[in-house]
Amino acid sequence: MSDRSEESVRRFLKGYNCAQSAFSVFAPELGMSERDVVRIAAGFGGGLGRRGEACGAVTGAIMALSLRYSGEHPEVLSQRQAAYDKAAEVVKAFIDRHGTCRCRDLLGYNLSDLEELKRAREDRAFQKICTMYIREAVELVERLLQ
């Protein structure tokens, strides 16, 4: 485990969401402030606004890679292609390992249902389960940034 992946877990346990945790540890290296990155990623936690869709750790990883690999001219497809390719690598690696990158399937709770969200919190599911995915997403980004 890398220092950065451990720092991402510390941030998560401190109160950042999964997307913020995975994205924010790359902020300085990518020329952004942690404050801005945390604000950008705020709505991605819980599988896109607690809807249980795309895993926040995965979306945080993709945001970091997009910053690094997208070009200065977003209207030019060729300048976005590297970001698409890196995002596809993250998603494929994650799905190959876990069978899905859908938050509610990974976590086992539907976070858009208030009773299930409460149960997930009581069961400490986020600390038990999400930390592994955050750690893994950060390590994937580290490999792809090399």
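Its relative contact order, with pairs defined as Cα atoms under 8 Å and 6+ residues apart, puts region 1-129 at 20 percent. The residue list 41, 132, 117 was ranked by how far each Cα lies along the charge dipole of the chain toward its positive end, using unit charges on Cβ atoms, and 117 comes out on top.
Packing order of peptides 127-134, 17-24, 79-86, highest average first: 17-24, 127-134, 79-86 (average count of other Cβ atoms within 10 Å over each peptide's residues). Only the Cβ atoms of Lys and Arg (+1) and of Asp and Glu (-1) were treated as charged; on that basis the dipole of the chain about its Cα centre amounts to roughly 340 debye.
Using the 1.4 Å probe convention, the accessible area of the chain works out to 53 Å² per residue with neighbouring protein chains retained. Of the solvent-accessible surface of the chain, computed with a 1.4 Å probe and all protein chains present, 50% belongs to carbon and sulfur.
The values are calculated or read from the model by the stated rules, or taken from the named source; none is laboratory data. Just so it is clear, the structure is predicted and the values come from calculations on it, not from any experiment. Ideal geometry is used to build each Cβ from the backbone, glycine not excepted, and the neighbour counts take in all protein chains shown. The accessibility values were calculated without ligands, DNA or RNA, using every heavy atom of the protein model including side chains. Shrake-Rupley method; radii C 1.70, N 1.55, O 1.52, S 1.80 Å.
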